[in-house]
Amino acid sequence: QVQLVESGGGLVQAGGSLRLSCAASGRTFSLYTMGWFRQAPGKEREFVAHINWSGGSTYYADSVKGRFTISRDNAKNTEYLQMNTLKPEDTAVYYCAADRSPYSSTWASHYDYWGQGTQVTVSA
């Protein structure tokens with residue numbers, strides 16, 4: 001069993017930055033693919049980014065490419081999402097997720113563990 005806890009969400013003006021953190025428990029954290037998803041009211045959960053077990057391979061949704069950076073520190077059991085040049089359309093609840101499979105995926109159904117989510121609100 002893995003537990004995930006997000007932090008770092010809040011209110012920011014358009015063009016600003018936030019860094020989200022996801023603290024993970026579990027002895028095998030370093031073997032997991034880690035991802036970020038987001039969900040706006042009335043919409044489906046949307047893929048944002050994922051990172052492989054070593055941190056050497058990352059992948060981003062087109063909507064955030066060039067603005068967001070995913071990273072991980074296995075020694076601290078922590079995943080990060082650095083969000084720059086934020087836009088109002090980035091407003092959503094952001095979820096940290098973990099996938100036991102070594103094959104990285106953009107599909108939410110492939111992830112085994114989820115955090116409770118943290119609200120990010122970007123004002124115009």
Cβ-placed point charges (K, R +1; D, E -1), dipole of the chain about Cα centre in debye, nearest 20: 160 debye
Isotropically averaged projected area of the chain, using the convex hull of Cα atoms (one quarter of hull area), nm²: 6.9 nm²
Net lengthening on full extension, GLN13/ASP73 (0.36 nm per residue, minus Cα-Cα): 18.8 nm
DSSP-assigned coil residues among chymotrypsin sites (Phe, Trp or Tyr not before Pro) in the range 29-124, each with at most 13 further Cβ atoms within 10 Å: TYR103, TRP107
Extension reserve of the GLN82-LEU31 stretch, reckoned as 0.36 nm per residue once the Cα distance is removed: 16.2 nm
Largest-first ordering by accessible area, 1.4 Å probe, given options LYS65, LYS87, LYS43: LYS43, LYS65, LYS87
Most positive-pole-ward Cα, ALA75, ALA49, TRP36, against dipole of the chain from beta carbon charges: ALA75
Percent carbon-and-sulfur accessible area, the range 1-119, ignoring ligands, DNA and RNA, probe 1.4 Å: 48 percent
Accessible surface, per residue, of the chain when the full set of protein chains is kept, probe 1.4 Å, Å²: 53 Å²
Relative contact order computed over the chain (Cα-Cα under 8 Å; 6+ residues apart), in percent: 36 percent
Under 26 Å from the Cα of LYS76 - lysines, other chains or at least 8 residues apart: LYS65
Selected from GLY55, GLY26, GLY35 as most flexible by GNM, with the chain as the system and alpha-carbon contacts under 10 Å: GLY26
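The values are calculated or read from the model by the stated rules, or taken from the named source; none is laboratory data. Since the structure is predicted, the reported quantities are computational estimates derived from the model, not experimental observations. All Cβ positions, even for glycine, are placed from backbone atoms using ideal geometry, and neighbour counts span all protein chains on display. The accessibility values were calculated without ligands, DNA or RNA, using every heavy atom of the protein model including side chains. Shrake-Rupley method; radii C 1.70, N 1.55, O 1.52, S 1.80 Å.
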